[in-house]
Structure formats: structure tokens, C-alpha cells
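Down below is the structure, laid out as C-alpha cells.
The values are calculated or read from the model by the stated rules, or taken from the named source; none is laboratory data. This structure is a prediction, so every number in the text was calculated from the model and none was measured. Cβ placement follows ideal geometry from the backbone for every residue including glycine, while neighbour counts extend to all protein chains displayed.
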Amino acid sequence: MTNNPIKNTSTPVIPNIVLTGFMGTGKTTVGKLLAERLHCPFIDMDALIEEREGRTISDIFATDGEPYFRAVERRLVSELSARQGLVIATGGGVVADPENVRAFEETGMLVCLDAAPERILERVAHETHRPLLAAPDREKRIRDLLDKRRAAYASVSLHIDTNGLTPADVVERIVEEMGSHD
């Protein structure tokens, strides 16, 4: 009798890697690079919400308000946290809901990308699609929102300061952290 063991040739599924943090910290840019590096699907939550709603985030805020948007966002968090092997870039306010943090941390590695307010302003200075920055003094608005979300961002256990790092550098740090969480 020959011993013919069945080989498992399937690729192991990694837990989700969820990038969160304030707008302009690099979630989408880093997420795309990380997904490419890990050969995983990349999902930008804001882009997916816009696709499903058939309108921009700004339009959703203007027409239905932030509470409606946050409810749509919450349902998407629930859907995505039930999957595996994704690299996900969240909207900047996802962590304001502790249930979102809990759901993502239960099924993956949640990473908060940080940046100084001045650096964030530099990165988003020419963008017009950010409804929460519709204010005459954008730097003050950024500081106010960061202060408001400080505790929510602090609830995430893993932080990477993106100041002075390239997106590739941030990807390397995340990959290192993944190795230390095995």
C-alpha cells in the first residue's frame, strides 16, 4: 500500500488588516501597497459606500446627514469583519463607534495611522471631497476633529506614526508588526 497524503496546497488565509486613522494619514495609499504586497484584496470603505449608494460621501452628508452615513458605515464594518484576508482602509470616523473597533479587532489586526495636524493639512490641502473639512480654517477644523476623536483613536492598540515615512516605509512597519503577532 502506498502512502499518498493529500497535500494542502491552498494559501493560508490571513486575518483582515484594517487601517484606520484621521483623514490624510495614508490609509488608502498604504492599504493599496500592503494589499499588493500580501496578495490580498483591498477595500476602501468610503469608495465602496460611494459605489453602493451611487453618490459621493459629500452628497450623503448633505442629503441624509452624518447619522445616516455612520449607520451605512456600521453595516459595512459588520459585513467586512465577517470576512478574512482583506486589507481594509476605513473612513477616519469609523473608530468613533466602539462597536466598529470591537468588530474589527475580533477578526483582524487594527492599525491606526497617525500624523501631525500640520502634515495632515499638507496632505489634504487641495482636496475638495472631504465634507468634514468644509470650514474656513481647515487647520483649526483638523485640530478640533483630532481632539474630538483622540480617545477613539487611543482605543486602537497598534499605532504607526506616518510623519516622515514614505507609504512603503509604513507598509514595512505593518508587515513587521504582523510577524510579531504570529
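Out of the residues in the stretch 138-182 that are assigned to a loop (DSSP other than H, G, I, E, B) and within 21 Å of Leu121 (Cα to Cα), state the one that is farthest from the chain's Cα centre (by Cα).
Within the stretch 138-182, the match that is farthest from the chain's Cα centre (by Cα) is Gly164.
From the list Leu34, Leu38, which one is within 27 Å of Glu177 (Cα to Cα), in contact with a Phe, Trp or Tyr (Cβ under 9 Å, 6 or more places away or on another chain) and either in contact (Cβ under 8 Å) with a residue 12 or more places away in the chain or of a type outside the set (A, V, I, L, M) (or both)?
Leu34
Working carefully through the options Ile120, Ile88, Ile43, find the one that is touching a helix residue (DSSP H, G or I) at 6+ places or on another chain (Cβ under 9 Å), modelled with pLDDT under 95 and either of a type outside the set (A, V, I, L, M) or within 19 Å of Gly26 (Cα to Cα) (or both).
None of the other options fit; the residue is Ile120.
Pick out the one residue from Val156, Val170 that is modelled with pLDDT of 90 or more, closer than 25 Å to Pro41 by Cα, in contact with a Ser or Thr (Cβ under 9 Å, 6 or more places away or on another chain) and surrounded by 21 or more Cβ atoms within 10 Å (Cβ to Cβ).
Val170
Can you tell which of Arg75, Arg55 is without any contact (Cβ under 8 Å) to a residue 24 or more places away in the chain, part of a loop (DSSP other than H, G, I, E, B) and farther than 21 Å from Met178 by Cβ?
Going through Arg75, Arg55 in turn, the sole match is Arg55.
Tell me, yes or no, whether the stretch 83-94 has at least one residue that is assigned to a helix (DSSP H, G or I) and out of contact with any Lys or Arg (no Cβ under 7 Å at 6 or more places or on another chain).
Checked the stretch 83-94: at least one residue is assigned to a helix (DSSP H, G or I) and out of contact with any Lys or Arg (no Cβ under 7 Å at 6 or more places or on another chain).
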